[in-house]
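The values are calculated or read from the model by the stated rules, or taken from the named source; none is laboratory data. All figures in this text were calculated on a predicted structure; none of them were measured in a lab. For neighbour counting, all protein chains shown are included, and Cβ atoms are generated from backbone atoms with ideal geometry for every residue, glycine included. Keep in mind that these areas ignore ligands, DNA and RNA; they rest on the heavy atoms of the full protein, side chains included. Shrake-Rupley method; radii C 1.70, N 1.55, O 1.52, S 1.80 Å.
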Amino acid sequence: MTTPFLSRCLVYGVLLLAAFFFLAPLYVMLVTSLKDAEQIRSGNLLSLPHSLNFDAWSLAWSSACTGTDCRGLKPFFWNSVIMVVPAVLVSTLWGAMNGYVLSLWKFRGSEVMFGFMLFGVFMPFQVVLLPMSQVLGWLGIASSISGLIVVHCLAGLAGTTLFFRNYYASIPKELVNAARIDGAGFWRIFFRIVVPMSTPIVMVTLIWQFTNIWNDFLFGVAFSGPDSKPITVGLNNMVNTSSSVKSYNVDMAAAVIAGLPTMLVYVLAGKYFVRGLTAGAVKG
């Protein structure tokens with residue numbers, strides 16, 4: 001009785017220590033964002049604020065600029081929303097169709113094509129910056145939100161295809177063959193049989209793509225214009241703006257605002273992400 005109890009206590013102790021280690025930065029950010037400048041200078045980093053002060057949050061969200069001191073994530077936040085929603089939906093649908101073809105409608109060379117697509121999962125994105133900027137220029141969508149949507153759809157295609165292809169490979173071929181015998185075609189099988197069975201992997205892909213696109217900085221800083229910068233670029237510019245007095249409370253509030261959507265996604269839909277992974281999303 002003693003050994004299992006001690007083992008369980010050890011496991012819980014390690015888990016609590018790990019949780020404290022990962023949540024401590026978030027705690028510091030939250031309490032610092034609720035303090036005023038005087039308490040930040042004189043108080044302890046881990047101390048609670050004397051009172052709840054949301055002035056820093058208001059300033060972090062406001063789009064006002066005073067001289068060279070620019071504050072406000074509001075325009076950048078909505079740029080990211082406008083960019084993320086279509087990019088996530090298009091890349092997910094595109095990956096679903098690719099995975100459907102490569103797993104259930106195989107053709108000569110399909111395995112070779114899938115192997116080449118896997119290079120996109122491991123390829124560093126820095127190598128595509130120059131050619132991608134040229135392509136966006138030829139298409140006339142450089143330095144725009146539309147250009148960022150195209151870039152993220154292409155960048156995420158390899159990963160979404162991998163997810164759906166491996167998931168669809170576990171679908172019994174008898175279902176597809178029976179539908180073919182009954183006269184169902186390519187699209188009818190996809191929308192009537194395959195898509196209704198895809199809820200776990202769709203949730204995994206949506207969460208995965210949302211997190212990657214929302215948190216992306218490289219493409220945002222390379223391909224955006226003055227009016228199309230995403231929130232990660234806006235946060236970087238705001239934190240590094242020259243100012244006579246550093247407003248740590250405003251910077252912390254801005255960082256929490258920038259990370260809040262992804263945190264909410266994992267809090268509200270994290271269980272679906274885990275279920276999707278265990279349902280075969282990343283099985284080879």
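Among the residues of the range 250-257, none qualifies, meaning not one is modelled with pLDDT under 90, among the charged types (D, E, K, R), within 20 Å of I145 (Cα to Cα) and over 18 Å from the mean Cα position of the chain (by Cα).
So how many residues does the range 223-239 have that are among the polar types (S, T, N, Q) and touching an Asp or Glu at 6+ places or on another chain (Cβ under 8 Å)? Within the range 223-239, residues that are among the polar types (S, T, N, Q) and touching an Asp or Glu at 6+ places or on another chain (Cβ under 8 Å) number 1. Does G120 satisfy the condition of being under 19 Å from F219 (Cα atoms), at pLDDT 90 or above and either under 23 Å from the mean Cα position of the chain (by Cα) or surrounded by 15 or more Cβ atoms within 10 Å (Cβ to Cβ) (or both)? No. Here the condition is being over 16 Å from P86 (Cβ atoms) and surrounded by 21 or more Cβ atoms within 10 Å (Cβ to Cβ); of I193, I201, I213, I207, it holds for I201 alone. Which one is nearest to F125 (Cα to Cα) among residues in the range 152-183 that are open to solvent by 20 Å² or more (accessible area, probe 1.4 Å) and not in a helix (DSSP H, G or I)? If we take residues in the range 152-183 being open to solvent by 20 Å² or more (accessible area, probe 1.4 Å) and not in a helix (DSSP H, G or I), then A169 is nearest to F125 (Cα to Cα).
Within the range 229-265, restricting attention to residues that are in contact (Cβ under 8 Å) with a residue 24 or more places away in the chain and part of a loop (DSSP other than H, G, I, E, B), the residue that is least open to solvent (accessible area, probe 1.4 Å) is P230. Looking only at residues in the range 216-228 that are surrounded by 21 or more Cβ atoms within 10 Å (Cβ to Cβ) and hydrophobic (A, V, I, L, M, F, W, C), the one that is nearest to Y167 (Cα to Cα) is F219. The single condition from (1) aromatic (F, W, Y); (2) closer than 19 Å to S224 by Cβ; (3) touching a residue at least 60 places away in the same chain (Cβ under 8 Å) that Y100 fails is (2). Take L48 and decide whether it is among the aliphatic types (A, V, I, L, M), more than 27 Å from R188 (Cα to Cα) and at pLDDT below 85. In short, yes.
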